[in-house]
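Values quoted throughout were computed directly from the atomic coordinates according to the rules given, and no laboratory measurement underlies them. Worth saying up front: this structure is predicted, and the values here are computed from it rather than measured. Neighbour counts run over all protein chains shown; Cβ positions are idealised from the backbone, glycine included.
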Amino acid sequence: MEEKTVKHISSLFLKQFTGEISEEERKELDAWVQKNPENQAWFEQKNELNFVVDDHRNSSLVKDSEEAWVELERKMDKKSRSYRRRIIRYSSVAAAIVIVALCSILFMLKEQENVSGETPKDVHKSALISLLVDGQRDSVRLNIDKNIHIELAGVRNEANTLIYDTEKGEGNEIEYHTLYVGKGGEYKVILPDGSVVWLNSESSLRYPTRFSGKRREVELQGQGFFEVERDEQMPFEVKSGDLRVEVLGTSFDIMNYANEKQARVTLASGKLRVGNGERAMVIVPDQQVEIENRELHVRQVDVRYYTSWMGDLFLFDEEPLDRVVRKLARWYDRDFKFEDSTLVKTRFSGALPKYDDISKAFELLEMTTKVKFIIQEDVILIVRRE
């Protein structure tokens with residue numbers, strides 16, 4: 001198929017699944033599909049991935065994405081692939097997200113490059129996960145996908161989750177534990193009160209083995225998503241550097257890495273009080289507090305972009321490239337270097353696969369930005385693409 005035809009028909013196809021296609025364009029697309037078996041096969045191949053877009057913010061979807069489709073078409077022609085039907089629903093998703101998410105799923109589901117039989121998640125099974133008890137020099141190593149017996153009363157390790165069966169109230173002496181998740185890892189902990197915390201790469205959580213007193217206090221470094229059990233008599237508080245997040249019962253994400261200029265608190269449900277010792281504010285679901293230079297700013301957000309790290313994709317919405325790269329660096333445990341410092345201002349919207357080789361993420365980024373990634377022995381160089 002000629003490239004010019006691919007671009008035009010791809011634009012009509014995109015308009016169709018975003019609901020922007022006119023009646024005249026629909027007739028043109030139908031006529032082209034019925035013209036010959038080759039066209040029919042091409043169209044059915046695209047429809048194997050049945051995307052349903054409920055709402056989108058950018059009406060320039062087709063114009064901005066034609067080149068991505070052409071590039072995708074070239075890659076699809078390189079070798080035959082088997083397809084399976086997958087329905088993915090998006091609401092309020094940026095146009096670029098749709099295109100890059102499509103590319104992501106094509107790469108993840110169709111490319112059969114891993115001849116060793118290993119799953120993509122095998123790459124991250126060697127990540128360092130450890131539990132340190134205050135006052136003890138040695139930590140307990142927790143392996144991903146392996147249940148390690150822990151010689152601590154009331155503590156068990158199952159299915160990549162650390163579970164505390166210790167209870168509130170009088171009884172055993174309170175100890176403080178710190179769960180550390182290294183680069184390339186992620187882990188979950190169920191605290192003594194039943195609250196659940198998901199820890200992202202290069203993050204740690206310090207907490208007591210039993211909550212007592214008037215407050216339930218924990219300390220976070222890095223990023224974690226919290227689902228807090230409601231207890232009006234004993235509010236839950238997260239400390240993260242200068243940040244203080246107070247809650248009765250809710251779910252929210254805190255991102256506060258040492259190498260990030262901004263810290264973010266994003267609320268999924270309930271109500272939060274966020275402060276830094278100088279100022280505090282209360283936020284409601286779908287709001288985010290961003291903290292930079294001790295200044296607090298609140299804004300409306302789509303929570304999924306800030307909690308997607310718990311799933312199989314990283315989602316980005318107009319994110320600066322340097323922040324995208326730092327997230328990849330934490331997950332893949334690789335060092336990056338920008339050859340041209342102005343490239344850090346490049347904005348990226350899209351979806352990148354988590355459990356796949358890092359080269360797949362690079363391909364998708366290169367398809368939608370003006371950068372190129374060069375993998376060297378000890379660093380990944382980011383250069384401007386001509």
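How high is the FRET efficiency from VAL133 to ASN276, r the C-beta distance, R0 30 Å, rounded to 0.05? For VAL133 and ASN276, the calculated efficiency is 0.50. For the peptides 173-183, 199-209, residues were scored by their other Cβ atoms within 10 Å and the scores averaged per peptide; the highest-first order is 199-209, 173-183.
Could you compute the FRET efficiency for SER341 and ASP242, with r as their C-beta to C-beta distance and R0 at 45 Å, rounded to 0.05?
Once the sixth-power term is evaluated, E becomes 0.95.
The simple Förster model, with R0 at 22 Å and r as the Cβ-Cβ distance, assigns MET310 and ASN143 a FRET efficiency of 0.65.
Each residue of the stretch 220-229 is assigned a 3J(HN,Hα), and the resulting list reads 10, 10, x, 9, x, 10, 10, 10, 9, 5 Hz, derived from the Karplus form 6.51 cos²θ - 1.76 cosθ + 1.60 (θ = phi - 60°), x at Gly and Pro. Using the charge dipole of the stretch 280-320 (Lys, Arg: +1 at Cβ; Asp, Glu: -1 at Cβ; taken about the Cα centre), state which of ILE291, LEU315, VAL301 has its Cα farthest towards the positive end. Ranked along the dipole, the leading option is ILE291. Going down the table (LYS327/LYS354; LYS188/LYS239; LYS261/LYS354; LYS239/LYS271), which pairs top 22 Å between alpha carbons? Over 22 Å Cα-Cα: LYS261/LYS354. Take 367-379, 260-272 and order them by the average number of nearby Cβ atoms within 10 Å per residue, most first; the result is 260-272, 367-379. Taking other Cβ atoms within 10 Å as a rough exposure proxy, VAL245, VAL196 sort from fewest to most as VAL196, VAL245. Applying 0.36 nm per residue to the separation of ASP378 and GLU38 and subtracting their alpha-carbon distance, the gain on full extension is 117.8 nm.
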